[in-house]
Structure formats: C-alpha cells, structure tokens
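Written out below as structure tokens is the structure these notes cover.
The values are calculated or read from the model by the stated rules, or taken from the named source; none is laboratory data. None of the values given here were measured: they were computed from a predicted structure. Cβ atoms come from the backbone with ideal geometry, glycine included; neighbour counts cover every protein chain shown. These accessible areas exclude ligands, DNA and RNA; they are computed on the full protein's heavy atoms, side chains included. Shrake-Rupley method; radii C 1.70, N 1.55, O 1.52, S 1.80 Å.
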Amino acid sequence: MRDLFEGLLTYDNRGAIIPGAAESWAISADALTYTFRLRPDGRWSNGEPVEASAFVYALRRILKPETAAKYAEVLYPLRNAAALNRGEAPPEALGVSAPDPRTLVISLDKPTPYLLELLTHQTALPVHQRSLERYGDAFTRPGNLISNGAYALRALVPNDRITLARNPHHYAAAEIGIAEVAFIPTPDLAGAVRRFAAGELDSLADLPGDQMASLRRRFGDQVVLGPALGLYALAVNTRKAPFDDLRVRRALSLVIDRAYLAEALWGGTMSPAFSLCPPGLDNYRDPPETAGRTGLPIDHEAEARRLLQEAGFGPGRPLRVEYRFNTTDNNRNTAIAIAEMWRDLGIETRFIYTDAKTHFAHLRDGGDFDVARMSWIADYADPQNFLFLLRSGNDGLNPGRYANPDYDRLLDAAAGERDVAARAGLLARAEAILMRDLPWIPVMHTRSKALISPRLHGFHPNLRNVAPTRFLRLDA
C-alpha cells in the first residue's frame, strides 16, 4: 500500500513524515482547519493528474456505512466523520472540501496534534473514482488498479507474490532506483530464512524469535533490530472476582521477569515493558510506569505475597488463574515462563490456547476469561493510539471491561486541549492511572526485526518501521 499509494503526506525511509501528494499545508490558529496545496506534478499511474477531488471522494467513501470499513474510526477527528460513519449525516457533511483542483481543506471537530501522521494512514489514501465505478469490487486487480504512488501494480498471484513496477508518471520517478519489487508472503519464517540465505529474498520483515541467537551467528549485521509501535500485554478481567481486586493484579505483575522474557525467550526482539505506551512517541514524554522496573523480580516477591495474602490467598487457598493465548511457539513459551514465575507465589495456572482468530474473537465478543494475551500495533506514533484502548465502552479492544471515570475525563480533556505540552501532561496522568490499576499488565514492547541483504541499501530502523521502496537501492 505504501509503495502503490501516496497520501497527502507520506514517510521517508527513516520514518520521518514528508510531503506526499501535497507539497505544502497551512494550519489555522485554532488548529481546526488544515489547508493542503497539492503538487502540480502529481499523477496517477495512468498519467492523469491527481486532484483534490480524489481525496474528497475517498474520504467520504471509506466513512460511508455501506463501505463497512473496519478502520473508519481512524478518521473520526474529521468533522462529522463519526456521524457519517453511523449513517447519521450525509457524505457532504464531512469536513473535507476541494475549492479547486489543487486545494484540499480538512476541518476537524477537535484539535488533533497527530493529524498529519494520520493522513499517511491507509484510510486517508486517495481513490481513482472512475476506475472504481467502472470495475466495482474488481478495481484492485492487476490491469484495473490505478494508483498514485511510486509503483503500480503489475501482477498478483495469490499465496505467491505481488509484483509492482515503477510508476513512470510519479513525480520522483527519475530518483527511484529499484524498477520492480515483489512482495512474497512468508508464513513459514524458518523457510523464509532459508530462502534469504539462498539469495531468493533481499529482505525479510519478520524473524523467528526463538532462533535469534543462531541468526546473529549466521548473518551478523544483516540481522537488523529497531524500535516499533507495539505492545505485548496481559488483559485482566476486571469485571470478575478475584481479578477485580487491584491487589491481585499488582501481585501478578510484580513477579513477571520481563527482561528474561524479552532477552532469553524472544532473543532480544522485544524490550521489557512497564508502561502501556512505548518510549519515543510524538507529542508525549517518558511514559509513567508500573512498579517493578528497579531490582529483580525476586526482590518483589515479598510484596507480591503480602498483596495476595491481603486478598485472601496463600497456603491452603491458592490463587487459580486461567491464562488464554493465541498459539505460536513464542506465545506458548511466554505463557509457560510466566506461569513458572507465578508458581513461586503458589499461584496455579491453567492454559487455554486457540488460533489467533478464535482467541481475539472470543475476547472481542465478551467471552469469559481470567487473564488473556493481548497485543497492539499502533497506527500512529501518538499516545492516544494506545490509551484509547482502555476507555470505557471500547468493548471490542477492552475485553476486561475496565472503566474508570477519572481516566475517561482525562482522555476527554486531552482531546480538547490545543497546547501540545498540556495535552501530554493530561495523557501522562491518564496513563499513570492505568499503571496503578493494571487492567492490562504490560509485559513487553515489540521491536522490529528484519534480515537485510548487503546488496540492499537505504534501510534504516525507525519507530514506525517504514521503508518505502522508492528510497532503497539494490546492487546489481
């Protein structure tokens, strides 16, 4: 998507936001109106000019209820977007207009400091209206798809590869060094590593975490790790005794050896997490943390035992925990390791594991659980995209039905705050409540992990884990 299409803004290969289809923009004094000037040389892959009306059409289309776009909520900061998506307002009410072919005006309901990054997201990409209307659902097929990015779709073979070719009409076509790129699905990571070693793949965007030590020995600095916008956590069912007891949740968290999990089990492809938000986010500060960072987990055992005893558990009455997770080797090993850490407190753990689809559907639909593995990859580098998960009523992503009015009020106040520093303070106070209440126990923050061939140049690890092909070079 990032190679095929270009939003008003886009990313370079260091994760920086740069001009895309828009060459410039201006923001009103109240931060509620953004005016974008489209570049004069923007072209679709068929040579037609990219005009502001394409963005108006695409944004209205994705928010229409009949489109049923699961990611439509990403665009809710746009004026009347939520109402349109719920069928309560017509498409024309959306806060987006095109006064002329090169000018796009976006109006917001509330100040949104991360709006520019939001406009790099796939939900904000333009759509070629005539081809969609001509081909309907088949508009994305090779030969039908008209895109405005650095590459155009050449071929798509299910379960084999998607092949893109340089778009000769792109404004930066002369600077694009790689003429053709193939995206190859690699569900078998061990097999993908063998293909990389044989020279069939120039980059591999995921690696088997349990093989990191041997991968480093074999490939040296071709193994590239970097930061990422991801969280590995344990959701706790706060609507169910005894897990509605804060003392129980704190005890469970205190004895988890996060450093061991991240380094020994995940081969350094994770980092220990004591906060919901990872460090380094835009529009934020160092995130507040839950207890346990200092010292070793064994140093916290006495406190954890005291908390469990106060909650009514101990010798003769052990705490019993049902731990749900989706099945992968790493998730299974993590669950076993955490259960061993809890066993030192006399906690008895029983596992329930299913495939990912079943696991997350069970949680989303309100199924019963005690503790469950959760994961989240943010869509943009702002704390709001992590903290919204635990807002009251967000049942699909908040399976434990955590609800705290003070937390919700802080999120609401932050949503209306125009001063970025003041907003960061409000969000930090909100996260501090989460780290006190622990409806989710943060365990690890994800890291990007890749194999990069020595003949591929221009790849730079970055928080957003982006590497558009137009910025890469490949030795002959």
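Details
- Once region 414-424 is narrowed to residues that are touching a residue at least 60 places away in the same chain (Cβ under 8 Å) and either hydrophobic (A, V, I, L, M, F, W, C) or in a helix (DSSP H, G or I) (or both), the residue that is farthest from R373 (Cα to Cα) is V420.
- Pick from region 3-43, criterion in a loop (DSSP other than H, G, I, E, B) and acidic (D, E), ranking: surrounded by the fewest Cβ atoms within 10 Å (Cβ to Cβ): D30
- Residue in region 251-271 that is in contact (Cβ under 8 Å) with a residue 40 or more places away in the chain, over 28 Å from I377 (Cβ atoms) and either open to solvent by less than 20 Å² (accessible area, probe 1.4 Å) or touching an Asp or Glu at 6+ places or on another chain (Cβ under 8 Å) (or both) present: yes
- D282 being surrounded by fewer than 21 Cβ atoms within 10 Å (Cβ to Cβ) and modelled with pLDDT of 95 or more: no
- Count of region 12-39 residues which are closer than 16 Å to P126 by Cα, touching a residue at least 24 places away in the same chain (Cβ under 8 Å) and not small (G, A, S): 4
- Each residue in region 346-366 was checked for being part of a loop (DSSP other than H, G, I, E, B) and open to solvent by 70 Å² or more (accessible area, probe 1.4 Å), and 2 pass.
- For region 330-345, the tally of residues that are open to solvent by less than 40 Å² (accessible area, probe 1.4 Å) and not in a helix (DSSP H, G or I) stands at 1.
- Within region 154-201, the set of residues being farther than 25 Å from F219 by Cα and of a type in the set (S, T, N, Q) comprises N159, T163, N167.
- Failed item, numbered, when R409 is tested on (1) assigned by the TED database to the domain that holds M374; (2) closer than 30 Å to I176 by Cβ; (3) of a type in the set (K, R): (2)
- Filtered residues of region 433-476 (kept if closer than 19 Å to I377 by Cβ and not in a loop (DSSP other than H, G, I, E, B)): L434, W440, I441, P442, V443, M444, H445, T446, R447, S448, K449, A450
- Pick from region 317-329, criterion part of a loop (DSSP other than H, G, I, E, B) and over 25 Å from P187 (Cα atoms), ranking: least open to solvent (accessible area, probe 1.4 Å): L319
- Residue in region 49-67 that is assigned by the TED database to the domain that holds L118 and on the phi > 0 side of the Ramachandran plot present: no
- In summary, Q309 fulfils each of the numbered conditions (1) in a loop (DSSP other than H, G, I, E, B); (2) polar (S, T, N, Q); (3) without any contact (Cβ under 8 Å) to a residue 24 or more places away in the chain with the single exception of condition (1).
- Search result, residues across region 44-53 that are open to solvent by 10 Å² or more (accessible area, probe 1.4 Å) and outside any loop (DSSP other than H, G, I, E, B): P49, S53
- Region 382-409 residues that are closer than 16 Å to A424 by Cα, paired with ones that are hydroxyl-bearing (S, T, Y) and in a loop (DSSP other than H, G, I, E, B) (beta carbon under 6 Å, 6 or more apart): D382/Y114; P383/Y284; D408/S392
- Qualifying residue in region 445-465 (condition: free of Cβ contacts under 8 Å to residues at least 60 places away in the same chain, open to solvent by less than 50 Å² (accessible area, probe 1.4 Å) and among the hydrophobic types (A, V, I, L, M, F, W, C)): no
- Which numbered condition F325 misses (of (1) farther than 17 Å from Y232 by Cβ; (2) in contact with a His (Cβ under 9 Å, 6 or more places away or on another chain)): (1)
- Of the residues making up region 367-383, just one is open to solvent by 50 Å² or more (accessible area, probe 1.4 Å) and within 18 Å of the chain's Cα centre (by Cα), namely I377.
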